[in-house]
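Structure, as structure tokens:
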Amino acid sequence: MIKSICVYCGSKGPNKPSHGRVAEETGKLIGQLGLKMIYGGGNTGLMGMSADAAMAAGAEVIGIIPQFLYDIEVGHRGITELKVCNSMHERKTMFFHLSDAFFILPGGYGTLDELFEIITWKYLGLHDKPIIMINPGGFWDPVLALIEHLYREQYLLRIMPTVVSTVAQAFEELGFEVRGML
């Protein structure tokens, strides 16, 4: 049973209004469904937008940020709990242990790192938790093409996240009924 969702997304942006809507809708539905949001702890970019929307919708929001980022960025002080850890590795381990599913929203290097690590852990049999990429306007299509290329070249097995176009579809993939909630 899904009780918590880890949201991987950019601490920058949104560069497109549709990406901001995805972040806000994700947070809103997490709150409306009574779920817990786990995320990177920032208050800027898509991260901040998603956390703010989740809090406004009544969700428990737990941010996890390493000390060195906390020192140079602004950790979100308006969330339920902000955990400061020692390293990026510790942060990702905490994401994993606190989360029942993973949503990947638009983002940059950090989001890609988190995506590939959680897919790798699934490939290695360390978990069988849902991984869902929300792909507004084909944002993730180049990454999906790269994964397909690596598969065709026989460098990996086809361990693919579920790819959806809308936030509602992401929640429906987890078995939630969200029609009319956005």
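Summary table below
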| item | result |
| --- | --- |
| Flag for VAL22 being assigned to a strand (DSSP E or B) and either in contact (Cβ under 8 Å) with a residue 24 or more places away in the chain or within 20 Å of VAL178 (Cβ to Cβ) (or both) | no |
| Top-ranked residue of the stretch 61-100 - restricted to ones that are farther than 24 Å from LEU29 by Cβ and among the aromatic types (Phe, Trp, Tyr), ranked as surrounded by the fewest Cβ atoms within 10 Å (Cβ to Cβ) | PHE68 |
| ILE79 vs. criteria at pLDDT 95 or above and either under 13 Å from the mean Cα position of the chain (by Cα) or not in a loop (DSSP other than H, G, I, E, B) (or both) | no |
| Leading residue by the ranking (surrounded by the fewest Cβ atoms within 10 Å (Cβ to Cβ)) among those in the stretch 33-49 that are assigned to a loop (DSSP other than H, G, I, E, B) and of a type in the set (Gly, Ala, Ser) | GLY34 |
| One residue from ILE30, ILE2 being under 19 Å from PHE95 (Cβ atoms), outside any loop (DSSP other than H, G, I, E, B), under 15 Å from the mean Cα position of the chain (by Cα) and of a type in the set (Val, Ile, Thr) | ILE30 |
| Filter pass, ASP52 being farther than 22 Å from HIS97 by Cα and surrounded by fewer than 19 Cβ atoms within 10 Å (Cβ to Cβ) | no |
| Residue check, GLY58 exposed (fewer than 14 other Cβ atoms within 10 Å of the Cβ) and touching a helix residue (DSSP H, G or I) at 6+ places or on another chain (Cβ under 7 Å) | yes |
| GLY13 modelled with pLDDT of 95 or more and not in a strand (DSSP E or B) | no |
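The values are calculated or read from the model by the stated rules, or taken from the named source; none is laboratory data. In this text, all values refer to a predicted model and were calculated from it rather than measured experimentally. With ideal geometry, Cβ positions are generated from the backbone for all residues, glycine too; neighbour counts draw on all protein chains shown.
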